[in-house]
Structure formats: C-alpha cells, structure tokens
Amino acid sequence: MMAGTTSSTAVAGALFSAAASSKPRGSAACPRVAGGRRRGSCVVRCDAGAEVQAQAAAKAASIAALEQFKISADRYMKERSSIAVIGLSIHTAPVEMREKLAVAEELWPRAVSELTNLNHIEEAAVLSTCNRMEIYVVALSWNRGIREVVDWMSKQSGIPASELREHLFMLRDSDATRHLFEVSAGLDSLVLGEGQILAQVKQVVRSGQNSGGLGKNIDRMFKDAITAGKRVRSETNISSGAVSVSSAAVELALMKLPRSDCLSARMLLIGAGKMGKLVIKHLIAKGCKKVVVVNRSVERVDAIREEMNDIEIVYRPLTEMYEAAADADVVFTSTSSESPLFMKEHAEVLPPISDANGGVRLFVDISVPRNVSACVSDVGHARVYNVDDLKEVVEDNKQDRLRKAMEAQTIISEELKRFEAWRDSLETVPTIKSLRSYADRIRASELDKCLKKIGEDKLTKKTRKSIEQLSTGIVNKLLHGPLQHLRCDGTDSHTLGETLENMHALNRMFSLDTEKAIMEQKIKAKVEKTQN
C-alpha cells in the first residue's frame with residue numbers, strides 16, 4: 001500500500017482547495033451614555049446579537065450552497081455518490097500529527113454525527129488507532145465533500161488545512177474499499193499481519209450499531225472488510241510468526257538493554273488495557289518473571305493475574321505511578337490519557353539506573369496520543385521510544401509476510417468484487433420505485449376519470465372497490481415482468497450485467513430520470529436538515 005498511499009497524497013495535494021471564507025458583517029455600534037461610556041448591558045446584547053447574526057448567516061450560506069448544488073446537479077448525474085477515505089497513517093504522518101487528530105472511541109458517534117451534518121456528506125465512519133486516523137464517507141459531491149471533511153479535520157485538530165494536506169492520503173470508490181479491506185487484513189499495518197486492527201474495525205461496526213450512525217453503504221463495506229480480514233488470516237497464515245505492536249515494543253526494549261542483563265531488568269507497565277495485556281503476554285514469552293502494573297483500578301489487573309500464571313504481577317494504583325517509575329528500568333505506557341503522563345520535570349527527579357542495566361531508563365510509549373513527552377529524552381539518564389520507533393524491530397521478519405501478503409491480495413480482490421456487485425445491485429432499487437410510482441400515478445388518474453364518467457352517486461362501495469382492485473390488478477400484472485428483471489442480489493456478475501442493462505432501458509423508455517430525482521431528493525433532505 002505504500003506506493004498507492006504516496007500517489008494518493010500527491011493527488012490530494014492537487015485536488016484539495018481551501019474553502020472560501022466569509023465573515024458576517026459586524027453589528028451596529030452600541031449607543032453611549034453621557035461621557036462616552038458604553039452601557040454594559042448593551043455590550044452584552046450586541047455580542048449576543050452578533051452571534052445570532054453569525055449563526056443565521058452561516059445557516060443561510062449552507063442552504064444557499066446546497067440550493068446552488070441542486071441547480072447544477074445535472075453535472076453530477078453521470079456518477080453515483082462516491083465512497084471515499086481521507087486520512088493519515090504511520091506511513092504518511094509522524095506521531096506528533098496523528099495524536100492531534102486522534103478521536104477517542106467513545107467520541108466516534110459524535111464525530112460521525114458532525115461529519116454527516118456536513119452539506120455534501122451522506123454517510124461516515126471514523127477509524128482512529130495508534131497508527132492511523134481515517135475517515136470513510138459517502139459524498140454527494142466528490143470535491144465539495146472532500147473539502148468539507150478536510151476542513152472538519154483541521155478544525156478538530158487545530159492543524160491548518162494546508163499543513164494537513166501534505167500528509168493526507170485520499171482514495172475513491174473501489175480504491176477506498178480495497179484500502180479498508182487491506183487495513184482489516186493487516187496488510188497496511190506497521191507490523192504486517194497484526195491482528196489487533198481487525199478488532200478495531202469490528203468496533204467501528206459495533207459503535208455504529210449502538211449509535212445508529214453508520215449508513216447502508218459504509219456499514220456493508222466495514223462488514224465485508226471484516227470478512228476479508230478473517231479470510232486472509234485463516235487462508236494465508238499471514239499472522240503466524242507476525243508480531244503485534246505490543247510484542248514489537250517488548251522486542252525494542254530488550255534490544256536497547258544490555259544483552260547479558262535484559263531479563264533481570266525491572267519492568268513497569270502503566271495501563272492494563274488490551275495493549276498492556278499483550279505487553280505482559282510477550283514479556284512472559286521472553287522469559288520475564290515479574291512486572292509491576294500501574295492501573296486506575298485493581299480489578300482488571302486481577303483478571304490478568306488469574307489468566308497469566310507464569311509471571312508475578314504486582315499492582316500499584318495510579319497515585320503511585322511516579323514512585324513505581326523510580327523503581328523501574330523499563331517503563332511501558334499504554335493508556336488513553338489525552339495528555340502526557342511523563343514530562344521532563346518528572347524524569348529529572350527519578351533516580352539514575354544501574355550501569356548493569358545500561359545506566360539509562362527506557363520509556364517505551366505505545367499510546368496515541370503519547371503518554372511520554374519527547375522532551376523526556378533530554379534527560380541524560382532517560383530515553384523515549386514511541387510507535388514510530390518500532391519500524392526497525394519488524395524489518396527482519398518482513399520478507400516472509402510480504403510473500404503471504406501477495407496471496408492475501410487474491411482474497412481481497414474476491415471480496416472487493418462481491419461488495420462492488422452488491423453496490424451495483426442497489427442501483428436498480430430507485431428505478432423499481434420510480435416505475436411503480438409512475439404506473440400508480442397513471443392508474444390513479446385513469447381511475448378518477450372512469451369514476452367521474454360513471455358518476456359517484458351510481459356506485460356502491462362494493463362496485464367502487466371492485467373497480468379499484470381491477471385497476472390495481474392490471475398494473476401489478478403488467479409490472480410483474482419488468483420488475484422481476486430489475487431484481488438482483490449481485491452474486492452473479494452475468495445476471496447483474498443484464499439487470500443493469502434492463503434498468504437503463506426502462507429509464508429511457510419511461511423517461512424516469514431516476515438519477516436526477518435521487519440527487520434532488522438527497523439535496524432537499526440536506527436543506528431541510530440545515531434549516532431545522
């Protein structure tokens with residue numbers, strides 16, 4: 001994916017353009033009392049009035065933009081709404097930038113809500129991990145939708161859009177879908193074949209189901225990505241022998257310690273979540289016999305202790321974190337803290353390390369946002385390593401998994417073909433509805449003419465009902481054949497091709513203009529949402 005990512009970044013730089021900004025005019029000056037002093041209450045009222053005016057102006061601008069888009073909608077009828085992914089990863093951006101864009105899991109639903117409130121975004125999902133921050137969307141307009149998402153990312157992170165564009169990658173439709181499938185399969189990870197990313201993709205789906213935030217296309221795409229990830233792992237063994245980020249962190253720590261005393265080093269883990277638990281697991285695999293764990297609560301540590309009997313686990317509460325660090329040679333950090341736990345001043349007061357263990361305290365930080373500030377390395381007896389420093393650990397066993405990755409691409413192509421076929425099959429649904437609506441309008445019109453000719457006063461309820469049933473029955477029988485030829489689940493490519501040909505033919509014969517009607521309906525819904 002590296003080559004594709006690089007080219008996508010270049011495309012992003014060419015296509016992204018800054019949105020034109022407009023400022024509402026300021027409110028009229030506040031009246032003054034004798035002596036030229038402003039009335040305090042007037043200042044408050046003027047500020048409030050300016051804010052209301054600004055909100056009204058922003059809403060009016062959004063509605064005007066959508067109405068203008070509706071007027072020019074014919075230009076967008078040649079292609080359906082685009083699936084896109086806009087983001088950055090360990091391959092394109094440093095950890096300093098990724099941590100500013102990171103979105104905590106509990107905030108994913110809110111982020112999705114904000115994204116789908118943008119004028120040209122129909123559906124959205126957020127995948128935010130220690131190695132990547134990616135936003136998947138279905139956009140009404142490709143250029144406008146992308147610009148809105150980039151502006152949203154800039155606003156959330158405080159990073160200027162111009163600076164963001166230098167690190168973002170952007171993929172569209174089948175390329176975006178393939179990227180997600182590769183991410184789920186572990187092919188785009190720092191550690192090729194690592195399994196934790198599949199669990200994180202699953203969590204996106206669970207989060208969306210709980211909040212009702214995922215749309216039809218995004219939901220199906222993520223579920224198919226999970227299927228692809230499972231197949232790749234079971235059919236290629238790409239994860240066999242592969243290391244996770246946690247095991248790479250353990251490997252890195254042992255590489256930096258003196259070889260003769262690496263197993264006697266005092267190990268401290270801060271955070272007993274999923275990543276922390278894996279750190280303990282890999283310490284056991286390397287022969288470590290004791291680890292101190294600092295965590296907010298003891299219950300999670302007790303659960304790990306019951307599961308792992310081959311190592312002594314000592315619990316210390318979060319309030320004793322710095323005392324525990326003073327007694328440690330290696331400090332692993334893996335918490336969801338939004339701010340650093342260790343700054344330079346914290347490291348400076350820690351006692352020096354024995355020369356037998358290298359004389360340097362190692363901080364191995366696998367959290368994003370980072371738990372350990374980079375300035376800690378300025379302290380003479382401390383060294384800091386973060387997720388970006390793990391690359392050297394995984395290079396040695398990369399070649400074998402690259403061969404397996406090539407095998408995985410065959411599976412991904414199969415799953416991608418299934419997803420594209422399913423999405424193609426959705427195209428017929430609007431035509432079915434439009435044809436049914438067209439026939440019902442004709443039936444209702446002709447029925448009304450017939451009943452007026454007969455005379456309402458000459459019809460019994462039974463006779464009227466029989467005539468209505470007759471008209472409905474004729475329409476249903478006439479539509480049965482055409483509608484049967486429009487129904488397809490996308491599993492057979494030959495049948496799907498015929499179905500799409502039938503759809504285009506019926507659109508031409510009955511002048512249904514389905515695509516334009518759909519676009520106008522979507523824009524109308526967006527305008528109404530903005531107005532409300």
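The values are calculated or read from the model by the stated rules, or taken from the named source; none is laboratory data. Keep in mind that this is a model prediction, so the values were computed, not measured. Cβ sites come from the backbone with ideal geometry, for glycine too, and all protein chains shown count toward neighbours. Please note that ligands, DNA and RNA were not included when accessible areas were found on the heavy atoms of the full protein model with its side chains. Shrake-Rupley method; radii C 1.70, N 1.55, O 1.52, S 1.80 Å.
Computed quantities for the displayed model
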read-out	value
Only listed residue being modelled with pLDDT under 90, under 25 Å from Glu105 (Cα atoms), surrounded by fewer than 20 Cβ atoms within 10 Å (Cβ to Cβ) and of a type outside the set (Gly, Ala, Ser), chosen from Lys274, Lys286, Lys256	Lys274
Residue match in region 223-230 (condition: over 24 Å from Ser82 (Cβ atoms), in contact with a His (Cβ under 6 Å, 6 or more places away or on another chain) and either surrounded by fewer than 18 Cβ atoms within 10 Å (Cβ to Cβ) or of a type in the set (A, V, I, L, M) (or both))	no
Single residue of region 311-320 satisfying the filter (outside any loop (DSSP other than H, G, I, E, B) and hydrophobic (A, V, I, L, M, F, W, C)) that is least open to solvent (accessible area, probe 1.4 Å)	Ile313
Members of region 146-164 that are buried (at least 22 other Cβ atoms within 10 Å of the Cβ) and under 18 Å from Gly213 (Cα atoms)	Val149
Any pair with Cβ under 8 angstrom, 6 or more apart, that starts in region 468-483 at a residue that is open to solvent by 90 Å² or more (accessible area, probe 1.4 Å) and ends at one that is modelled with pLDDT under 85	Leu478/Ala439
Any hit, region 190-208, residues being under 25 Å from Ile366 (Cα atoms), open to solvent by 40 Å² or more (accessible area, probe 1.4 Å) and among the charged types (D, E, K, R)	yes
Elements of type helices (runs of 4 or more DSSP H) in region 321-405, at least 1 residues being free of Cβ contacts under 8 Å to residues at least 40 places away in the same chain	321-326, 344-348
Check on Glu123, more than 24 Å from Lys391 (Cβ to Cβ), buried (at least 21 other Cβ atoms within 10 Å of the Cβ) and not hydrophobic (A, V, I, L, M, F, W, C)	yes
Hits in region 265-282 (condition: in contact (Cβ under 8 Å) with a residue 40 or more places away in the chain and under 23 Å from Tyr322 (Cβ atoms))	Ala265, Arg266, Met267, Leu268, Leu269, Ile270, Gly271, Gly273, Met275, Gly276, Val279
Complete set of residues in region 456-481 that are part of a helix (DSSP H, G or I) and β-branched (Val, Ile, Thr)	Thr463, Ile467, Thr472, Ile474, Val475
